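Nothing in this text is a laboratory measurement; each read-out follows from the coordinates by a stated rule. Fair warning: this is a prediction, and the values are worked out from it, not measured in the lab. No Cβ is skipped: glycine too gets one built from the backbone with ideal geometry, and neighbour counts run over all protein chains shown.
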Amino acid sequence: MSAAIRFRDAIGLHFGLHFDDDKLAHLSSILDRRAAARHVGADHYLSMHIAEEAELGALATELTVGETYFFRNFEQFAALRDLVLPERLAQGRPLRLLSAGCSSGEEPYSLAMLTRSLERYDASIRATDVNPAALARAAKGRYSHWSLRETPPDMLERWFVPVGRDVELDPAIRAAVQFDCANLSDEDAPIWSEDRYDVIFCRNVIMYFTPQVQRAVVARLATSLAPGGYLFLGHAETLRGLSQEFDLIHTHGTFYYQRRAAGRATAISTSFAAKIEWPIAASAAVDTSWFKAIGKASRRVEALVVSDTARSQGALSTASPEPSPLPDILELLAREEFAEALERLDRLAPDTAADDDLSILRAVLLAQSGSGTEAAALCRSLIAREQQHAGANYILGLCLEDAGDHRSALLHYDLATHIDPLFAMPYLRRGLLALRAGEVANARADLSGAAELLASEEPSRLLLFGGGFSRAALIGLCRMEPLGEVAAA
């Protein structure tokens with residue numbers, strides 16, 4: 001085994017960090033540099049020195065990414081200011097915030113400034129990083145103007161003083177943050193404490209860990225958050241496949257996570273239900289071709305009127321009268337006579353908005369008749385009423401994707417998989433989006449998962465969400481090689 005591979009294994013053991021093979025040359029240069037600093041060869045260094053406390057600190061400085069700035073990804077700070085902090089303050093106790101992986105301090109200091117912008121605040125802020133050099137820079141509180149490029153003018157004027165070519169942070173803000181040197185992969189790190197924090201920022205950190213360490217760190221983050229507390233990750237990070245302890249929240253053009261209270265299954269915090277944003281423009285032109293041929297297989301499509309809840313209990317929806325005229329409506333859908341189908345649905349149930357099953361059917365008909373925006377609005381209404389509706393989130397995701405808003409589409413695909421981890425189609429669409437973005441590893445994971453789930457997917461759900469494709473065709477799409485061919489689908 002080469003010294004570089006042994007070095008990589010040691011880094012994984014001590015820091016939990018993951019490096020692909022294309023980083024081995026970079027790791028080899030670090031190994032040579034550190035061995036030379038100790039005046040020993042690489043083999044001796046790996047055997048005798050790498051685990052020393054001082055050496056681990058030096059390695060942390062070499063290995064960790066320190067690029068950050070104040071109020072980075074301001075949308076998340078806006079959500080924190082407008083919704084999260086007021087909600088947590090309403091509980092009548094001091095706020096407790098953690099910046100995990102704080103680098104040179106810009107993030108926790110931003111949190112400190114933000115809490116002081118509230119009409120009332122009582123907050124303690126803890127920050128931690130594995131890099132002692134970064135923490136030393138944070139303690140000084142002196143920054144270049146480049147670090148302030150996203151800082152709101154009022155914050156800049158209130159909390160910073162020019163010092164030569166740099167700026168220095170107000171002592172009150174510096175005193176508001178407690179810094180600790182700690183490794184998130186260490187289960188005994190002093191930052192971990194059950195139900196302690198209201199908010200944790202852990203952005204652009206877990207993406208560098210090995211999969212096993214990612215799961216362990218996320219479990220510790222969940223345990224350390226108070227029930228109902230909030231977790232903010234980086235925009236390139238997700239909890240999918242790592243934890244079922246959180247609900248996904250979307251406001252202010254960003255998304256973040258809320259720890260579920262014990263026994264709570266709600267997919268979206270009820271306190272946020274009225275504030276969730278639906279970022280599809282009213283004038284957006286939505287391509288609805290994916291709806292075609294939903295009703296063409298047979299009259300078994302009548303299973304569409306069975307709700308997710310009723311299906312899981314083996315019961316049928318009682319919303320439609322007997323004998324059911326739904327087969328006639330679905331035959332019209334199959335013949336693409338959408339206006340007539342909508343007219344018959346109106347006669348069957350003038351107020352379909354009160355019935356979840358008929359709302360989905362109406363959304364299909366509206367989309368097929370060219371009213372895609374109205375179909376999306378119907379899905380939003382359904383989600384607001386029944387927050388755990390995986391199908392409505394999936395359909396809305398498709399509308400957003402067709403409108404070109406891939407980021408918001410991914411949000412709703414994520415919501416669908418969080419609500420129902422056995423729902424195949426959102427994994428498939430997410431995999432195709434990842435492929436188009438060049439994220440081959442994520443594409444393979446999602447498409448492979450979709451293929452497995454499709455093998456046992458319920459026929460009624462395939463008819464509704466499969467876009468007219470058969471089970472075999474969808475599985476073949478997921479397994480097509482090379483993966484580049486899928487991008488044209």
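Given 0.36 nm per residue, what is the gain on full extension from Glu331 to Arg385 after removing their alpha carbon distance, in nm?
Extra length from Glu331 to Arg385 when fully extended: 16.6 nm.
Just grab the label-to-label distance for Ala36 and Val440, each label 7 Å out from Cα along the Cβ direction, in nm (one decimal).
Distance between the two pseudo-spin positions: 3.4 nm.
Could you give me the ³J(HN,Hα) list for region 120-127, computed from phi with Karplus coefficients 6.51, -1.76, 1.60 and θ = phi - 60°, whole Hz, x at Gly and Pro?
9, 8, 7, 9, 10, 10, 10, 9
Could you give the nm distance between label points at Ser193 and His49, where each point is 7 Å from its Cα heading toward the beta carbon?
3.8
Counting only the backbone N, which residues of region 46-81 are under 20 Å from the spot 7 Å out from the Cα of Arg149 toward its beta-carbon?
Of the residues in region 46-81, 65-78 have backbone N under 20 Å from the label point off Arg149.
What nm distance separates the two modelled labels at Ser470 and Ser29, each placed 7 Å from Cα along Cα→Cβ?
It works out to 5.5 nm between the two label points.
What's the ranking of 121-130, 420-429, 186-195, 137-146 by average number of surrounding C-beta atoms within 10 Å, highest first?
Sorting 121-130, 420-429, 186-195, 137-146 by mean packing, highest first, produces 420-429, 121-130, 137-146, 186-195.
Take every Cα pair under 8 Å in region 74-272 that's 6+ residues apart, average their separations, divide by the length, and report that relative contact order as a whole percent.
Dividing the mean separation by the residue count of region 74-272 yields 20 percent.
Explain nothing, just the number: relative contact order of region 3-63, from Cα pairs under 8 Å at least 6 residues apart, as a whole percent.
31
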